[in-house]
Amino acid sequence: MKYLISILSGFWNLLVGLGVTFKYMFKTKTTVEYPEDRKQLADRYIGYVKMMYETEGEFSSYTKCVACMACVVVCPVSCIQVTNEKHPDPTKKRIAKEFILDYVKCEFCNLCIEACNFDAIVMSHDYDVSMYDRAAMDMILVKDMKHNNDLYEESRRQTGAEYKPIISPREREIVEVINKKEYEERLKKAAAKAAENTPAQS
Ligand code: SF4
Ligand code: SF4
């Protein structure tokens with residue numbers, strides 16, 4: 001009798017186990033095939049600092065950074081270095097020649113973003129930029145957009161994963177809304193200046 005109870009109990013436990021498996025067969029999958037697939041991050045997620053670029057007009061693809069040094073001063077771990085040169089746009093004084101950010105030191109505190117009055121940098125949704133060489137984490141975010149993306153691609157090359165930039169809502173807002181607004185305002189100002197300089201017809 002004891003032997004029979006033991007067999008029935010084992011069979012019952014097997015059915016309970018299979019029941020759990022069966023229940024999960026019809027639930028929505030939560031496993032993500034990383035790095036090919038990535039989960040949608042919360043809007044407020046803070047990833048790597050990313051340089052923003054003009055997207056409209058003559059100076060399109062130039063960095064929005066005017067080398068004001070506000071982010072350099074506010075950074076609690078002094079991990080930003082900015083060098084400058086004359087801005088090719090005559091309405092602006094300076095442009096960042098090199099914007100170097102040491103990601104080994106960066107705390108992802110967001111203070112530099114808050115200090116920037118030019119929407120030149122954002123906290124992106126990129127979270128897995130990694131290198132085998134510590135020196136390579138001294139990333140140079142320069143005025144050329146392609147070079148900036150190449151840096152992230154290099155990281156993926158080293159770690160064997162394809163680079164898939166994830167656009168944060170702030171990046172999208174700057175590119176789609178703020179840049180357009182700024183560009184239109186600049187055009188208006190240029191037109192007003194041109195009208196001022198045009199001698200009145202008598
Ligand atoms: S996120 Fe913080 S630590 Fe990183 S560069 Fe900006 S201010 Fe410095
Ligand atoms: S990123 Fe912004 S705060 Fe930093 S130097 Fe450039 S313009 Fe100034």
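What lysines does LYS189 reach when the alpha-carbon gap must be under 18 Å and sequence neighbours fewer than 8 apart in one chain are set aside?
The qualifying lysines are LYS92, LYS93, LYS180, LYS181.
Taking the highest mean first, how do the peptides 30-36, 71-77 order by number of other beta carbon atoms within 10 angstrom per residue?
Order by mean packing, descending: 71-77, 30-36.
Show me 44-55, 177-188, 18-29, 99-110 ranked by packing, highest mean number of other Cβ atoms within 10 Å first.
44-55, 99-110, 177-188, 18-29
Lysines near LYS39 by alpha-carbon distance under 29 Å, same-chain residues fewer than 8 away left out - which ones?
Partners found: LYS23, LYS27, LYS29, LYS50, LYS105, LYS146, LYS164.
Quick one: Karplus J couplings for segment 181-188, per residue in order, coefficients 6.51, -1.76, 1.60, θ = phi - 60°, nearest Hz, x for Gly and Pro?
Coupling constants for segment 181-188: 5, 4, 5, 5, 5, 5, 4, 4 Hz.
None of the figures in this text is laboratory data; all of them are computed from the coordinates on show. It should be emphasised that the depicted structure is a prediction, and the values quoted were computed from it without experimental measurement. Quick reminder, even Gly has a Cβ in these numbers, built from the backbone with ideal geometry, and neighbours come from all protein chains shown.
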